[in-house]
Amino acid sequence: MRAMVYTNYGSPEVFQLREMEKPNPKEKEIVVKIHATQVGYGDVIARNFKKISPRQFNMPFLFWIFAKICFGVRNPKIAILGSQFAGEIEAIGSKVQSFRPGDQVFGYLGQSMGAYAEYVCMAEDGIVTIKPANMTYAEASAVPYGALVALNLLRKANVQRGQKVLINGASGGIGSAAVQLAKFHFGAEVTGVCSTLGLQLVKSIGADKVIDYTKEDFTLNGEVYDLIVDILGKSTFSYCKNSLKKDGRYLLASFKVKELIQMLWTKVAGKKKVICALALEKSEDLILIKELIEAGKIKSVIDRSYTLEQMSEAHTYVESGHKKGSVVITVGGNNKA
């Protein structure tokens, strides 16, 4: 099989297209022929992790240590990146019961990665399920991680119908999923904050209001919210607390030790709460996401598509900061199915 591999950390040019052995499934594994994958934030970080300092890493120092061990200190341990995919099951192990060859599926591989290839082998009980019938392979490949994380975050914030929710970082993978889930699944009134480039995208996916942070400071407009979700730690609790209702919550998807201390302090001392949340992805959540997609409550927005051979160009574009939606890699097969 063909796979895009990297053996050294560095710029997007480190990728090399190689022929590798096609995987064979163990008795409880499936082999998926990948039709599409996505270039995510995690892929870009992993590709150049040697240059990511603890300060640049958007989680506490201990998490940086674990990531360093996982990805490799001097050279990458994981040769094939790509954590989410959509494709068709080509082979199954002798004891697999949930899937059959020919099933169209989508899923998330987590830190094991491996989707920048024509085939991937994974456990039957991994985070994988039947692809939404109303999405192409390309569209489905852009959904899993962002939607899984957003669903977990909003659950931990206990979002209720009719509440006012602000998503800071609304045009990214997690942010765009959070906008749609908060609006159409949890029934909240949603304000999305993004740059000028992302305004139209955030409007198109259902945000009730959109704020361009390059032109307006949402903390100065007099609006107050039940929940403020900060996707990439671009703001602080002290900066946002006057924009929270008296029992409002400030939810961080990325945080440092300082925010953990604030979470403990506000839990004891104040009605306004800081929540530092880690998402634990589950296969049953992906099944729910599939159902929501088929009900028209979640859609993916694709900015650009590249072929597997164009991986370096795709990473360069993602790093430019100009993307509006997802950047998809088409690997093979019929991406319109």
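Numbers for the structure displayed
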{"item": "Filter pass, ASP285 being within 30 Å of THR136 (Cα to Cα), modelled with pLDDT of 95 or more and either of a type in the set (Ser, Thr, Tyr) or surrounded by 13 or more Cβ atoms within 10 Å (Cβ to Cβ) (or both)", "result": "yes"}
{"item": "PRO132 being in contact with a Lys or Arg (Cβ under 6 Å, 6 or more places away or on another chain), under 30 Å from GLN180 (Cα atoms) and at pLDDT below 95", "result": "no"}
{"item": "Qualifying residue in segment 145-157 (condition: assigned to a loop (DSSP other than H, G, I, E, B) and not assigned by TED's automatic domain parsing to the domain that holds HIS322)", "result": "yes"}
{"item": "Meets criteria (outside the structural domain of SER254 (by TED's automatic domain parsing), touching a strand residue (DSSP E or B) at 6+ places or on another chain (Cβ under 7 Å) and touching a residue at least 40 places away in the same chain (Cβ under 8 Å)) for ALA138", "result": "yes"}
{"item": "Residue ranges of strands (runs of 3 or more DSSP E) in segment 213-278 with at least 2 members farther than 22 Å from ASN152 by Cβ", "result": "244-252"}
{"item": "Test: residue in segment 204-215 that is in contact with a Ser or Thr (Cβ under 7 Å, 6 or more places away or on another chain) and among the aromatic types (Phe, Trp, Tyr)", "result": "yes"}
{"item": "Criterion violated by GLN262 - all others in (1) crowded, with 18+ Cβ neighbours inside 10 Å; (2) more than 30 Å from ASN242 (Cβ to Cβ); (3) not basic (Lys, Arg) satisfied", "result": "(2)"}
{"item": "Pairs where the first residue, in segment 216-243, is touching a residue at least 40 places away in the same chain (Cβ under 8 Å) and buried (at least 16 other Cβ atoms within 10 Å of the Cβ) and the second is of a type in the set (Phe, Trp, Tyr) and part of a loop (DSSP other than H, G, I, E, B), C-beta under 9 Å, 6+ apart", "result": "ASP230/PHE255; GLY233/PHE255"}
{"item": "Matching residues in segment 113-135 - criterion: being acidic (Asp, Glu) and either in contact with a Phe, Trp or Tyr (Cβ under 9 Å, 6 or more places away or on another chain) or in a strand (DSSP E or B) (or both)", "result": "GLU124"}
{"item": "Search result, residues across segment 1-34 that are of a type in the set (Val, Ile, Thr) and outside any strand (DSSP E or B)", "result": "THR7, VAL14"}
{"item": "Subset of segment 241-289 (residues that are among the acidic types (Asp, Glu) and touching a helix residue (DSSP H, G or I) at 6+ places or on another chain (Cβ under 9 Å))", "result": "GLU259, GLU281, ASP285"}
{"item": "Search result, residues across segment 79-99 that are assigned to a strand (DSSP E or B) and either touching a His at 6+ places or on another chain (Cβ under 7 Å) or not β-branched (Val, Ile, Thr) (or both)", "result": "GLN84, PHE85, ALA86, GLY87, GLU88, GLU90, ALA91"}
{"item": "Within segment 158-201, considering residues that are of a type in the set (A, V, I, L, M) and outside any helix (DSSP H, G or I), the one nearest to LYS282 (Cα to Cα)", "result": "VAL159"}
{"item": "Residues (without any contact (Cβ under 8 Å) to a residue 60 or more places away in the chain and closer than 30 Å to TYR6 by Cβ) located in segment 280-305", "result": "ASP303, ARG304"}
{"item": "Residue match in segment 22-36 (condition: among the basic types (Lys, Arg) and over 30 Å from GLU90 (Cβ atoms))", "result": "no"}
{"item": "Residues (of a type outside the set (Asp, Glu), more than 24 Å from GLU118 (Cβ to Cβ) and in a helix (DSSP H, G or I)) located in segment 291-311", "result": "LEU292, ILE293"}
{"item": "SER112 vs. criteria among the hydroxyl-bearing types (Ser, Thr, Tyr) and closer than 21 Å to GLU19 by Cα", "result": "yes"}
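The rows are residues; the columns are (1) within 30 Å of GLU259 (Cβ to Cβ); (2) touching a helix residue (DSSP H, G or I) at 6+ places or on another chain (Cβ under 8 Å); (3) at pLDDT below 95; (4) crowded, with 19+ Cβ neighbours inside 10 Å.
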{"position": "LEU62", "(1), (2), (3), (4)": "yes, no, yes, no"}
{"position": "CYS70", "(1), (2), (3), (4)": "yes, yes, yes, no"}
{"position": "PRO76", "(1), (2), (3), (4)": "yes, yes, yes, yes"}
{"position": "GLY87", "(1), (2), (3), (4)": "no, yes, no, yes"}
{"position": "ALA91", "(1), (2), (3), (4)": "no, no, no, no"}
{"position": "GLN97", "(1), (2), (3), (4)": "no, no, no, no"}
{"position": "PHE106", "(1), (2), (3), (4)": "no, yes, no, yes"}
{"position": "GLN111", "(1), (2), (3), (4)": "yes, yes, yes, no"}
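The values are calculated or read from the model by the stated rules, or taken from the named source; none is laboratory data. All of these numbers come straight from a predicted model, not from anything done at the bench. Here the Cβ is made from the backbone with ideal geometry for all residues, glycine too, and neighbour counts use every protein chain on show.
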